[in-house]
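Working notes, structure below.
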Amino acid sequence: MTPAPALSVVVPLYNEEENIPLLQQELAAALDGLDYEIVFVDDGSRDHTRAAIQPGPDGRVRVLAFERNAGQSAAMYAGLHAARGQSVALLDGDLQNDPADIRRLLAELDRGAADLVCGYRARRKDTIVKRLTSRVANFVRSRFAGDGVRDTGCTLKAMRRECVSALVPFTGMHRFIPALVKGAGYRLVEVPVNHRPRQFGVSKYGLGNRALRATVDMFGVRWLLSRQLRYRVLPPADSFPTA
Ligand code: UDP
Ligand code: MG
C-alpha cells in the first residue's frame, strides 16, 4: 500500500455505473497536483458499478465493496473509517456534487477556520417536492439536533480525520454528521457549492423513506447528544495529588 496521503475522498456508490467514467475524470481534474486517494464504496450495487471503476496506475483509487446493499450511512461510515488522509472529503457518486468544489472546502480546513466544512446547495437542482421537504426538514433538524446547518443532505463535506471518531454507526447517520461532530466539540462552517441535476441513474430516495425515518432519527440523536460522555483527562503530572 502507498504511504498515507494528505487527502482521502470518500464516495458512496449504489447503482451508479453510468456516472463512474465522468466522475473519475472530474475527480482527477479537480484533484490534480494534490496528494490524495479516492475511496469508492460500492454499496452492494446490482449493476456494473464496481466493474466501471478504473483502478489507475498509482494505487490512488481504492474500492471497498459491500457484499449487499447496506445503505448510504453504512457506505459513508465504512469509507470514512478506511480513509487514511489527514483531511477527508465526502461527495455523492451521481455527479450532482461538483468535484471542483473540493479545493474550496479544503481551503477552509487549511486556514484553520473549522474542523468540518459543510457544503450547501445554493441553487439546488432537484424536484420541487424534494426541495420543499428538504427545506422543512433542515429547518426543524438544525434547531432540534442543534447543528445549525442549513443543508445536511448535501453530501459534499470536508473534515479533519479526527472528526470521524464522533460518528455513531446507525442507519440514517449520514444526515447527522454535522450534529454529531459539533456535539463532540468540533467547529463547523458552511460553504456554498455547485449542484447539478442527475443525468444518469435514479435517486435512491422518495418521500416515504426519508421524511419519517429522519424525524425518528432526530429524536435519537438529540437524546444521544444529551447523554454524551464528556470528559477531559488531566496531564499525568496532575494525576497524583501532591502533599
Ligand atoms: N447511495 C448509497 N447507498 C444507498 C443509497 C444511495 O451508497 O443505499 C449513494 C448513491 O449512489 C449516491 C449517494 O448515496 O452516490 C446519494 O444518493 P442519491 O443521489 O440517490 O440521493 P439524492 O441525491 O436523491 O438525495
Ligand atoms: Mg443525488
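The values are calculated or read from the model by the stated rules, or taken from the named source; none is laboratory data. Since we're looking at a predicted model, the values are computed, not measured. Please note: Cβ atoms are built from the backbone with ideal geometry, for glycine as well, and neighbour counts cover all protein chains shown. We work out accessible area using only protein heavy atoms, side chains counted, and drop any ligands, DNA or RNA first. Shrake-Rupley method; radii C 1.70, N 1.55, O 1.52, S 1.80 Å.
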Problem set entry | Accessible area expressed per residue, the range 168-243, with surrounding protein chains retained (probe 1.4 Å, Å²) | 71 Å²
Exercise. For the chain, modelled as a GNM with alpha-carbon contacts under 10 angstrom, which of 205, 36, 186 fluctuates the most?
Worked result: 205
Problem set entry | Of all accessible heavy-atom area on the range 66-130, the percent that carbon and sulfur account for (1.4 Å) | 49 percent
Exercise. When only Cα pairs under 8 Å and 6 or more residues apart are kept, what is the percent relative contact order across the range 21-76?
Worked result: 41 percent
Exercise. Between the DSSP loop rule and a limit of at most 10 other Cβ atoms within 10 Å, which trypsin sites (Lys or Arg not before Pro) in the range 116-168 are left?
Worked result: 123
Problem set entry | Rounded accessible area per residue of the range 5-154, 1.4 Å, Å² | 45 Å²
Exercise. Of the heavy-atom accessible surface of the range 194-243 (probe 1.4 angstrom), what whole percent is carbon and sulfur?
Worked result: 63 percent
For this session: Report, to two decimal places, the Cα Rg of the chain normalised by 2.2 N^0.38 Å (N = number of residues).
Result: 1.04
Problem set entry | Where labels lie 7 Å past Cα in the beta-carbon direction, separation of residue 139 and residue 223 in nm | 2.7 nm
Seminar exercise, completed: The lysines whose Cα lies under 20 Å from the Cα of residue 130, excluding any fewer than 8 residues away in the same chain, are 204
Problem set entry | Label-point separation in nm, residue 63 to residue 126, each point 7 Å along Cα→Cβ | 2.8 nm
Seminar exercise, completed: Interchain or sequence-distant (5+) residues whose placed amide H lies within less than 5 Å of the amide H of residue 122 are 193
Problem set entry | DSSP H segments from the chain that extend 18 Å or more along their own axis, Cα-based, with Kyte-Doolittle mean of 0.5 or above | 211-226
Problem set entry | the chain - mean residue ellipticity at 222 nm from DSSP helices (-39,500 (n - 2.57) per run, n ≥ 4, rounded to 500) | -9500 deg cm²/dmol
